[in-house]
Amino acid sequence: MTAFLLGAAALVALALAFVLPALWSTARRSAILLAIALPLAAGLLYLRFGTPDALDPGNRAPPRTIEEAVAQLERRLQREPESLEGWVLLGRTRKNQGRETAAAGRFDEAMAYFAASAEAFRRALAIAPHETDLLVETAEAMSLANEERHFGAEATALLDEALAKVPNHQRALWFRGIAALQSGDAAGAVARWEALLPQVDAATAEALREQIDGARRMAGLPPAEAAPEAPAAASRTLQVTLEADPADLATLPPQAVLFVFARNAEAAGPPVAAKRIPAARLPLTVSLSDEDRLMPTATLSATPKVEVSARFARSGAVQPEAGDLVAAPVVVEVASAGPIRLRLARSETPTDAARAPTFGP
């Protein structure tokens, strides 16, 4: 930063050195005004239109850890507080960190991450208050930030608003059933989960029926009728071959991670199948199947049409950044899809942050 300011001052002084001698003898007042106005105008213009934070080495160097990537994102959000994608990305990253930390037994640290996630989602929701998926994700973040994982009144109201917009929203129905059970309304939980039941695959339905049976007993309701035997849904697998220019691959640092994912092409939401592959070497062929699902209520086999894409993340984090290798999405019919070929190319600017793959429901 100091070197830049000294260099800028030297350039201004050089410009004045050429102009002032000619003016001094004929228009001394103009020369004095110019000597004052030019540096002042240059400084004001830079403050208004320049990017001082770009001079910070911490913002120029590629992040080496997830915390460095998050720190860069937080600095960006200080400059761009209305960035919906940035707040969503921060919320999801902190949520995933909380889950990883909790799994390691560091619960106090995990709660701090969950609290940060909830705050980030609140900021995102303030920007897009009527976005259905965001309502549900914010409610979930609020429950995780509660030591008892309780959906409080605020989170429950967000779920109700989401269901008023999309009555069959799978995650909203699941979470709203949990919220009802937590508040002692077992019959309400039954109603939400039974509405969810026809939307899920056979394996998930079996587990969900156990939850419904327990809630029915708590509500004093008779057991549900046994579901008729249904033929198992045919399992589907997508074969995806990934390749890239060797020159582009050479720009990736050792910590780069390959993400491959398939999304429902006809509805919003997280991927129905995704893989995270550290230290991947291209060309590479990977398979996406129901085993790669992120949510129990959404599978590849149950999705008629998907959008398949990939990203080689320089930092290894979900945050897209300039220099990532990105493949353009390909839309396929799952039942009839043949081998899929994706070519990754260098991205000059972070794009599509909101659609970055999210690992975990």
Neighbours by Cβ (under 6 Å, 6+ apart or cross-chain): first from the range 118-129, farther than 14 Å from Glu140 by Cβ; second assigned to a helix (DSSP H, G or I): Arg123/Trp87; Ile127/Leu84; Ala128/Leu84; Ala128/Leu134
Some residue of the range 270-285 being over 19 Å from the mean Cα position of the chain (by Cα), open to solvent by 60 Å² or more (accessible area, probe 1.4 Å) and within 23 Å of Ala203 (Cβ to Cβ): no
Residue ID - nearest to Leu73 (Cα to Cα), chosen from residues in the range 302-322 that are open to solvent by less than 30 Å² (accessible area, probe 1.4 Å) and more than 18 Å from the chain's Cα centre (by Cα): Val306
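The values are calculated or read from the model by the stated rules, or taken from the named source; none is laboratory data. Keep in mind it's a predicted model, so treat the numbers as computed, not measured. Methodologically, a virtual Cβ is constructed for each residue, glycine included, from the backbone with ideal geometry; neighbour enumeration extends over all protein chains shown. The area values use the complete protein model at the heavy-atom level, side chains included, leaving out ligands, DNA and RNA. Shrake-Rupley method; radii C 1.70, N 1.55, O 1.52, S 1.80 Å.
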